[in-house]
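Written out below as structure tokens is the structure these notes cover.
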Amino acid sequence: MKNTDSKIFKIDRRTFLKTTSIGATGLLLGIQYSCTSPTNKLKGDASANFSSSVYLNINGSGEVTIIAHRSEMGTGIRTSLPLIVADELEADWKQVKVVQAVGDKKYGDQNTDGSYSVRMFYPIMRKAGAAARMMLEQAAANEWQIDVGDCKAQNHGVTNKDGEVLGFGYLADKAALLPIPEEVDIQLKSPDDFKFIGKKTSIVDLEDIVTGKAIFGLDTKVAGAKVALVKRPPVAGGKVKTYNVDAALKIPGVSKIFTIDSPGFPISLQSPLGGVVVVADNTWAAMKGREALTVTWERGVNGDYNSTAYIESMMKKARVSGKVRRAQGSANSALAKAAKKVEGDFRVHHLSHAPMETPCAIANFKNDKIEVWAPTQEPQWARGAVGEALGLEEKDVTINVTLLGGAFGRKSKPDFIVEAALISKESGFPIKLLWTREDDIQHDYYHANCAQHIGVGIDDNNKVNSWVHRTVFPAIGSTSSAQSNEPSGEEISQGVIDLPYDIPNISCETNTASAQVRVGWLRSVANINHAFAIGCMLDEVAEKRGLDPVANLLDMLGQDRNIDMGALSEEFWNYGEKIEEFPWSTARYRKVIEKVKEISGWGKAMPPDSGIGIAAHRSFLSYVACVVEVKMVNGKLKIPRVYYAVDCGVAVNPERIKAQFEGGAVFGASIALKSKITVSHGAVAQSNFNDYELARITEAPLETEVFIVPSNEKPTGVGEPPVPPFAPALCNALYQVTGKRIRQLPVKL
């Protein structure tokens with residue numbers, strides 16, 4: 001949902017420095033200026049300060065600090081949002097310092113999830129920069145005693161018609177005395193004048209990352225901190241029955257062992273799973289101490305969960321009529337009478353996030369206050385969850401955000417941060433909580449497994465006239481509430497009820513299913529399951545109709561139009577945006593399909609043992625089409641090339657968009673070919689990368705070409721949209737090689 005609390009307002013220098021956790025020293029770049037002529041004044045009083053909003057500060061030396069209030073996990077958002085401010089400000093990017101914000105409501109929504117950071121804050125960041133620019137121009141006009149229309153901010157200063165320059169530093173204290181423009185009066189730059197937006201810009205952390213200087217959660221150090229690991233129940237909702245610490249306490253370096261209560265199941269998305277905590281002087285001692293524990297468990301309500309059997313039970317439900325979530329015409333009747341039919345069952349298993357950096361946090365509880373350092377996607381949620389768990393007011397909780405070594409949705413949940421906080425309070429000293437890879441794989445918030453049935457009817461005129469789609473999967477809400485056993489409108493708006501094709505008879509249906517492990521959002525969420533089934537089914541429909549797959553997609557789209565999805569289903573969710581502002585445009589969808597056809601050379605002759613497949617999908621308000629080429633070499637699958645066409649509105653930082661799509665193709669290859677979580681007797685079978693597999697270098701796409709459709713439309717998501725169309729495009733390509741239709745992920749070759 002849109003955050004309505006993100007406003008531009010003035011903030012005094014002391015508060016700015018305090019609330020952003022920046023000291024007076026080390027805050028700014030310390031750039032030295034010199035006057036190029038007697039009439040040019042670039043620097044002012046070094047103690048002067050101009051903070052036109054919580055995101056921006058300029059001091060008397062001309063140094064500009066821009067606050068990054070979202071979390072950096074490889075997407076480049078710590079660069080892209082400040083870049084927008086700097087462009088509107090007319091700052092010199094080389095003279096800008098980016099500083100990470102702590103978790104605080106004053107920054108507006110800080111949840112770096114759902115591919116909506118730029119979408120939500122693009123206008124806010126522009127206005128923040130533009131308001132400061134206008135105030136600097138007015139301050140210059142006052143200084144020169146001329147009309148503000150004769151003043152123009154550019155290249156870190158304000159110039160007049162005579163070519164004189166007043167630097168931002170010189171104007172800082174003068175601009176600080178002026179009123180902030182009313183929002184309706186803020187004048188934004190023309191896109192034609194953008195210097196950074198839409199241009200290639202390296203991320204601000206690039207040098208530190210490639211030289212090993214960047215500080216991620218695992219790198220963070222606090223004096224006096226001890227290491228903690230937790231032995232958690234193997235079954236979600238299980239509890240400690242008995243435990244013996246005698247052997248563990250004999251391990252040199254182990255200092256304390258105690259339990260954290262297990263809340264049972266369903267379980268809050270912020271609650272730790274509980275278990276036995278081992279605190280030690282170092283990581284090795286903590287690991288050996290945990291190994292030496294003897295624990296017996298009460299397995300709880302999920303002790304009999306078998307994911308393989310459960311997906312088959314969901315499949316049975318998907319084959320029969322369910323709760324109708326979108327009804328158009330008489331789909332089931334039309335399907336029964338169709339001249340030709342295509343029907344299929346589709347299965348997707350649980351998936352783990354498995355980021356390279358496992359969950360971790362440092363917590364220091366002292367004097368009824370707590371300070372935390374963590375790789376979190378949602379510092380405000382973490383702040384509230386820690387406060388609630390420790391009985392503290394929000395003002396007594398500080399959440400410092402480190403760089404994240406991957407996340408994909410896992411680190412938006414604050415359970416591991418709450419764990420660290422509870423352990424620090426119980427221990428009485430700073431704690432560095434570590435999760436091993438085994439902890440991460442076996443105690444994740446898993447992507448929901450899913451069973452789907454799709455039936456498509458084709459009439460006597462070879463037109464698709466009926467579409468019945470039934471999807472069954474445990475809703476994310478069922479993790480925390482036993483009553484939430486049907487998918488939400490948000491979940492079925494990710495590829496089911498938002499079907500854009502011009503089909504007269506459509507029925508979208510669901511049935512009940514409940515989480516028996518923790519289920520959460522993973523990169524592109526329910527779009528993964530639904531795009532896979534729909535994309536593969538559309539390829540089958542094309543074959544049944546005797547059409548080229550691209551021609552089939554374009555034909556089924558019908559006439560260009562904006563679809564009022566809300567009129568088709570009252571449960572339609574437009575990723576938190578009004579459909580009037582972000583309409584479902586089949587013209588934009590058509591364009592990416594046509595463009596990917598062009599850049600991939602669709603229709604070209606393929607080498608022996610090779611295939612090419614296409615799929616398209618709209619998610620997070622972006623339109624994406626994907627073509628995948630495959631080749632079998634000595635019985636092994638290779639992916640020589642992947643092509644994407646994406647319409648994401650204004651492309652703020654094209655280089656990072658391309659990088660996310662390149663990474664999305666690798667992520668998609670893992671989902672399609674390798675990754676699978678299975679559960680037996682309530683416990684996850686996989687434990688590390690030996691049995692929870694990811695695409696290796698030899699299995700990942702060798703080349704990925706990304707075409708970004710030029711657009712002045714409002715910016716939309718780019719982190720998650722690469723993932724959904726990849727798997728069906730790959731499977732459609734494999735069909736050309738093997739002659740076998742693929743209806744289950746991961747693919748079994």
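The values are calculated or read from the model by the stated rules, or taken from the named source; none is laboratory data. Only a predicted model underlies this, so the values are computations on that prediction, with no experimental measurement involved. Every residue, glycine as well, gets a Cβ built from its backbone with ideal geometry; the counts of neighbours run over all protein chains shown.
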- Query: Among the residues of segment 670-685, which ones are in a loop (DSSP other than H, G, I, E, B) and touching an Asp or Glu at 6+ places or on another chain (Cβ under 9 Å)?
  - Reply: Lys674, Ser675, Lys676, His681, Gly682, Ala685
- For segment 559-586, what are the residues that are in contact with a helix residue (DSSP H, G or I) (Cβ under 9 Å, 6 or more places away or on another chain) and loosely packed, with under 15 Cβ neighbours inside 10 Å? Gln559, Asp560, Arg561, Asn562, Glu570
- Task: Could you list all residues from segment 675-707 that are of a type outside the set (Gly, Ala, Ser), over 22 Å from Asn302 (Cβ atoms) and either touching a helix residue (DSSP H, G or I) at 6+ places or on another chain (Cβ under 9 Å) or not assigned by TED's automatic domain parsing to the domain that holds Asn449 (or both)?
- Result: Asn688, Phe689, Glu693, Leu694, Glu699, Pro701, Thr704, Glu705, Val706, Phe707
- Message: Within segment 703-730, take every residue that is among the aliphatic types (A, V, I, L, M) and within 21 Å of the chain's Cα centre (by Cα) and give me the one that is surrounded by the fewest Cβ atoms within 10 Å (Cβ to Cβ).
- Response: Ile708
- Query: Pick from Pro474, Pro430: which is in the same structural domain as Ala331 (by TED's automatic domain parsing) and at pLDDT 95 or above?
  - Reply: Pro474
- Note on the structure: Given (1) touching a strand residue (DSSP E or B) at 6+ places or on another chain (Cβ under 6 Å); (2) closer than 30 Å to Ser493 by Cα; (3) not charged (D, E, K, R), Gln380 misses just (1)
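Return the residues of segment 625-655 that are over 14 Å from Thr704 (Cα atoms) and surrounded by 22 or more Cβ atoms within 10 Å (Cβ to Cβ); say none if nothing qualifies.
Within segment 625-655, the subset over 14 Å from Thr704 (Cα atoms) is 631-637, 647-654.
Scanning segment 625-655 gives Asp647, Cys648, Gly649, Ala651, Val652, Asn653.
Each row is one residue, and each column tells you yes or no for (1) within 29 Å of Lys714 (Cβ to Cβ); (2) in contact (Cβ under 8 Å) with a residue 24 or more places away in the chain; (3) small (Gly, Ala, Ser).
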position	(1), (2), (3)
Lys106	yes, yes, no
Ser115	yes, yes, yes
Met134	yes, yes, no
Val148	no, no, no
Ala153	yes, yes, yes
Val165	no, yes, no
Tyr170	no, yes, no
Pro181	yes, yes, no
- Query: In the set Ala733, Ala700, Ala669, which member is among the small types (Gly, Ala, Ser) and more than 24 Å from the chain's Cα centre (by Cα)?
  - Reply: Ala733
- Residue in segment 244-254 that is nearest to Glu388 (Cα to Cα), counting only those that are touching a helix residue (DSSP H, G or I) at 6+ places or on another chain (Cβ under 8 Å) and not charged (D, E, K, R): Val254
- Item | Index of the failed condition, Val320 passing every other in (1) within 30 Å of Pro504 (Cβ to Cβ); (2) assigned to a strand (DSSP E or B); (3) not acidic (Asp, Glu) | (2)
- Message: Here is a check on your reading of the model: is Ala327 among the hydrophobic types (A, V, I, L, M, F, W, C) and closer than 30 Å to Thr471 by Cβ?
- Response: yes
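Restricting to segment 604-652, give me the number of residues that are of a type in the set (Asp, Glu) and in a strand (DSSP E or B).
Number of matching residues: 2.
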- Message: Of all residues being over 18 Å from Ser271 (Cα atoms) and either crowded, with 23+ Cβ neighbours inside 10 Å or without any contact (Cβ under 8 Å) to a residue 12 or more places away in the chain (or both) in segment 354-369, which is nearest to the chain's Cα centre (by Cα)? Just the residue, please.
- Response: Ala354
- Query: Hey, among the residues in segment 435-477 that are over 20 Å from the mean Cα position of the chain (by Cα) and among the charged types (D, E, K, R), which one's surrounded by the fewest Cβ atoms within 10 Å (Cβ to Cβ)?
  - Reply: Asp460
- Query: Hey, Gly264 hits all of (1) without any contact (Cβ under 8 Å) to a residue 24 or more places away in the chain; (2) at positive phi; (3) surrounded by 13 or more Cβ atoms within 10 Å (Cβ to Cβ) but one; which does it fall short on?
  - Reply: (1)
- Task: With the checklist (1) part of a strand (DSSP E or B); (2) free of Cβ contacts under 8 Å to residues at least 40 places away in the same chain in hand, flag the one item Ala141 doesn't pass.
- Result: (1)
- Message: Can you tell me which of (1) assigned to a loop (DSSP other than H, G, I, E, B); (2) under 24 Å from Gly264 (Cβ atoms); (3) touching a residue at least 12 places away in the same chain (Cβ under 8 Å); (4) not basic (Lys, Arg) is the one Gln483 doesn't meet?
- Response: (3)
- Item | Number of the exception - Ala223 against (1) loosely packed, with under 14 Cβ neighbours inside 10 Å; (2) assigned to a strand (DSSP E or B); (3) not basic (Lys, Arg) | (2)
